[in-house]
Amino acid sequence: MSHLHIPDGVLPVLLWAPGLGLALLLLVLGARALRGASPQRLAYQSALGALVLAAMVVELPLGPLDFHLTLVGPVGVLLGAVSVFQVVFVANAILALVGHGGLTVVGLNALVLGAGAVLARSVYVAFAQRWGPTVALTVATAVTQIVSGALWLAVMAAAMHVQAVGPHRVKLVAGVAFPLYLAGIVIESAVAFGVARFVIRVRPDLLPGGATPVEKPK
Amino acid sequence: MINTLAQIDYLASAGRTPWHRASALSKLLLAAGLVLLAVFAPSLLLLAGLYAVAWALALTARLPWRLTLVASGYPVAFTLLFVLARWDGTADTPLRLLLRPLTASLVAVWLVGTTPYPDLFAPLSRLLPRSVGDGLFLTYRALFELMRRTSGLWRALRLRGGASGPVQRRLTLAGEGFATMVLYGFERSERLYATMRLRGHSGRICGCHHFAEGSRADLLVAAAGLIVTAGAVLLWRMP
């Protein structure tokens, strides 16, 4: 739902221009925070960025609909807030260059998807001690989807408000979008549960709190 | 989408038209101008003209029309939400709503279909912070390999019964499959890092330096830019 990439020309400039500016500002601040990061970390971050794009391609057949995943919840837990926002921006930029999502709205698309993803690690850390890593990663992904999806709906509502769309039409669009939003939360969380179950068995050190090699400064 | 992306990527390197010979910088400027015009143009006639120009660019670049149609048609589904919300009984509003994103995505497909990715990312990476610019190169390099592996994994999951049974089981299995990709991504990053060090990585992926080198083909890009500008001036106030 949150990665229904908004194309060019459907949103008012009042929404996408500040979105682009804010995303670029966050990227600059994030780059400063990652100044000492090793090239290996950048390579790992990029591999997970490619995985986000690959996951978006996979079609999960669910009845009459095909669902496309994002995996930004698990990737947010694995990389942390700063890196995952960069990953989301790069993924959106590459998609925009092939016509999936707009070039002018690349910042807003990154903010929508990234807003949830940057919370993932904090939520994971908060719940991992009490409920264990599998449940914590599932909850972190659910929160990611709730936040990103809600922001996506808010952007849509704001765009329709600016364009003076009547309330009954907004309700109609919400009637289409809201069930997809709920389905997205459940599906992404269930997939994240599987990711967590496997990573904990095979490479628990990749998760926060483990002795992960990529976290060590060079 | 993987096939579409792979074909566009191949055409960008294998194409031999003047658009392919023009510098990445001039094409980026033309594309940026076209996208901004498509976003801001108030006239339906101008929007239709821009869409025709975008098709002319794609077809003269010898991009297959079906591939171009599929790749640039993504915004339709999303835009229909807005068409639904703003339906006023006329054809003008839906046409306006559809032509803007379709023109922009068609221009993007033309740009990517005529420009190899190192040339395309090099100027962009100079505008972005270092880690983001390098991320563009490394993510795109990893993309096709990850997509191929994900596609293989998906096929294997289906063949071994991973796509049957209760939904919860299917989704958990899919998650476990993606987790193998996470581990693969980590191992790949270790190998890539070793390779980068062996090749004398200096701390920045610069991309090629010839993205701004002009050629005679750039005159064609400039001519297209002039035609578009003249058309925009003439048609801006038209209905």
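Angle of helix A:120-131 to the longest C-alpha principal axis of chain A, folded into 0 to 90 degrees and rounded to 10: 60°. For chain B, the longest principal axis of the alpha carbon atoms and the long axis of helix B:44-60 meet at an angle near 60°.
Working ranking of peptides A:20-33, A:119-132, B:140-153 by packing, defined as the average number of other Cβ atoms within 10 Å per residue, highest first, is B:140-153, A:119-132, A:20-33.
Summing charges over all other residues whose Cβ lies under 13 Å from the Cβ of residue B:24, with Lys and Arg as +1 and Asp and Glu as -1, gives 0.
I need the trypsin sites (Lys or Arg not before Pro) found in the range B:65-123, filtered to DSSP loop residues with at most 13 other beta carbons within 10 Å of theirs. Answer by residue number: there is no such site.
The Cα-based radius of gyration of the range B:122-198, divided by its Kirkwood radius, gives an Rg/Rh of 1.14. The calculated pair-distance distribution of chain B uses every alpha carbon pair, bins of 5 angstrom beginning at 0, and gives 1, 6, 11, 13, 14, 14, 13, 11, 8, 6, 3, 1, 0 percent.
Note on the protein assembly as shown: Cα Rg divided by 2.2 N^0.38 Å, N the number of residues, gives 0.97.
Calculated mean residue ellipticity, 222 nm, chain A: -24500 deg cm²/dmol, from DSSP H runs (n ≥ 4) at -39500 (n - 2.57) each, averaged per residue and rounded to 500. The calculated 222 nm mean residue ellipticity attributable to helices in chain B amounts to -26000 deg cm²/dmol, summing -39500 (n - 2.57) over DSSP H runs of n ≥ 4 and dividing by all residues.
As a proxy for reagent exposure, A:95, B:219 were ordered by neighbouring Cβ count within 10 angstrom, fewest first; the result is B:219, A:95.
As a rough footprinting exposure proxy, the listed residues A:141, B:114, B:180 were ranked by other beta carbons within 10 Å of their own, and the order from fewest upward is B:180, B:114, A:141. Helix A:106-117 sits at what angle to the longest principal axis of chain A, using alpha carbons and giving 0 to 90 degrees rounded to 10? The answer is roughly 50 degrees. Residues considered: B:104, B:22, B:91. Largest GNM mean-square fluctuation over chain B, using C-alpha springs under 10 Å, is found at B:91.
Each Lys and Arg contributes +1 and each Asp and Glu -1, all at the Cβ; summed about the Cα centre of the range A:1-134, the dipole is approximately 580 debye.
Which value, to two decimals, describes the C-alpha radius of gyration of the range A:13-215 once divided by 2.2 N^0.38 Å?
On the way: Rg = 17.3 Å, N = 203, 2.2 N^0.38 = 16.6 Å.
Normalised Cα radius of gyration, the range A:13-215: 1.04.
Readers should treat all values here as calculations from the given coordinates under stated rules, not as data from a laboratory. Please read all numbers here as calculations on a predicted model, not as lab measurements. With ideal geometry, Cβ positions are generated from the backbone for all residues, glycine too; neighbour counts draw on all protein chains shown.
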